[in-house]
1. Multiplying the sequence separation of ASN86 and THR167 by 0.36 nm and subtracting their Cα-Cα distance, what value in nm do you get?
2. Using a cut-off of under 13 Å, list every residue of the range 104-121 whose amide N is near the label point 7 Å from the Cα of ASP61 along the Cα-to-beta-carbon line.
3. What does the accessible area per residue of the range 54-131 come to in Å², with a 1.4 Å probe and no ligands, DNA or RNA counted?
4. Running a GNM on the chain with Cα contacts under 10 Å, which residue among ASN55, ASN96, ASN168 ends up with the highest mean-square fluctuation?
5. Quick check for me: using +1 on Lys/Arg Cβ and -1 on Asp/Glu Cβ, what's the dipole size of the range 8-101 about its Cα centre, in debye to the nearest 20?
6. Where does the range 51-139 land on the Kirkwood hydrodynamic radius, alpha-carbon pairs, in angstrom?
7. Round to a whole number: what % of the accessible area of the chain belongs to carbon and sulfur, probe 1.4 Å?
8. Just want to confirm a number: the relative contact order over the range 38-178, from Cα pairs under 8 angstrom separated by 6+ residues, in percent.
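The values are calculated or read from the model by the stated rules, or taken from the named source; none is laboratory data. Only a predicted model underlies this, so the values are computations on that prediction, with no experimental measurement involved. Backbone-built Cβ (ideal geometry, glycine too); neighbour counts: all protein chains shown. Side chains are part of the model used for accessible areas, which takes the heavy atoms of the whole protein and leaves out ligands, DNA and RNA. Shrake-Rupley method; radii C 1.70, N 1.55, O 1.52, S 1.80 Å.
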Amino acid sequence: DQHVNVNGTTLENDGLMNVLDDADITLNPYHAVSTSFVNHGLLVFSGAGVTNDVNVAFTNDGTIEVQGAGSTLRLQAGWTHDGTANLPAGVILRLNGGTVQTGANGRWTGTGTAIMEAGGGTFDGPLGFGGLYQITGGTWNLNADQVAVDMSMSGGTLAGTGVFSVTNVLSWTGGTMT
């Protein structure tokens, strides 16, 4: 297990940053100062069957590539996203902490799985994601129309001013849609 520790400052990527295997980007527990990670460039998480945790406030206006079948990118401290996140088949994006804010230009591409399980967020633009949405917790506000191929909802709240359409399979066993 490798970690990039952010010590009370902002770690910023303006070029190419390749996070190998099971490495994490995390807050140093000995610093109480606010920390964050900002990606303006290309951020690649590479390694098959691994989990990469980002445990600091994360801003992306560049490109995120999650590579490797069976890999998981887990964002646990909030995410401001106005760039592109590529989630190919077999990849999982887990939003399980903090607040997610996706701007009008924020896109998710690919056919992986996005699991929204804790925290919450607002999506102000169409994500364009072709994979599975799973909502198990949190409050998720869609303020732009979204089209999903498949969606599973077992908890949490789906709300907002946008229309959410599912073209294939919708499994709704819990939670609230308003």
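1. 27.1 nm
2. So the set is 104-106.
3. With all protein chains present, the range 54-131 gives 31 Å² per residue.
4. In the Gaussian network model the winner is ASN168.
5. It works out to roughly 240 debye.
6. Values: mean 1/r = 0.0796 Å⁻¹.
It is 12.6 Å.
7. Ligands and nucleic acids excluded, carbon and sulfur reach 50 percent.
8. Relative contact order of the range 38-178: 14 percent.
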